[in-house]
Amino acid sequence: MSSPENINTAANSLSDRKPMLLALEYIKNIVKKYADKNRYNQVLDLKSFGIALWMIKLINQRNLTSRFIIEQRDVFENEILRLIKNDIESFIDYCHRAKINVFVSNNIIKIPFNFLSHIIKISGFKYRLIYQKMENGLIIVDEGQIAHLLRENFVEKINIIYNSINIDQAAQIFKSYQSEINLIRDEFIKINAKTK
């Protein structure tokens, strides 16, 4: 699992058509599922994900952007839970590469208390510092808590990356795919109008 910081790099290297086509197909399927009010939780490789994020910026439809981020957020959380259960070393490695201090010992996960202060959108007593068990200055969290915290951290990072994408640069990068992207945008606008 790669950290979100590598997404812009992945999106900018477009020599391989396969990730481009996967990204286009993914966005088309999100639009279809949006029409049916269904979820679409397909796992994308890092390169296709980066390309899709840039395409979503170019399409520039707030509801589609939200749906894309929510779908990928849920995929990410499921992957974190899978790593915790099946590959704890990869989980720790991901956290360290994402510059998130996590400590695991005897299946007990601990994080610095200041990590909670970065995740302002999470509500509920399970995430309030006053209710946490602490040991040696670290908060003890269960698998669900850490997956949820990392999920929200992922969303924050993706939003920062999305907001940093230059729409004119995206238009230049995808000019040979502009007609397909316009079709997706037009279809989404029609569907979105019907769902209001």
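The values are calculated or read from the model by the stated rules, or taken from the named source; none is laboratory data. This one's a predicted model, so the numbers in the text were calculated from it and none came from an experiment. Quick reminder, even Gly has a Cβ in these numbers, built from the backbone with ideal geometry, and neighbours come from all protein chains shown. Just the protein is used for accessible areas: all its heavy atoms, side chains included, with ligands, DNA and RNA removed. Shrake-Rupley method; radii C 1.70, N 1.55, O 1.52, S 1.80 Å.
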(request) Just give me the residues in segment 96-124 being at negative phi, modelled with pLDDT of 80 or more and either open to solvent by 80 Å² or more (accessible area, probe 1.4 Å) or among the basic types (Lys, Arg) (or both), in sequence order. (result) HIS96, ARG97, ASN101, PHE103, LYS110
(request) Hey, can you tell me all the residues within segment 137-190 that are touching a residue at least 24 places away in the same chain (Cβ under 8 Å), in a loop (DSSP other than H, G, I, E, B) and exposed (fewer than 12 other Cβ atoms within 10 Å of the Cβ)? (result) GLY137
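Considering only segment 58-78, I want to know if a residue exists there that is closer than 19 Å to ILE158 by Cα and among the small types (Gly, Ala, Ser). Spell out the reasoning first.
Filtering segment 58-78 for residues closer than 19 Å to ILE158 by Cα gives 58-78.
Next cut, among the small types (Gly, Ala, Ser) only: 66.
Yes: segment 58-78 contains one or more residues that are closer than 19 Å to ILE158 by Cα and among the small types (Gly, Ala, Ser).
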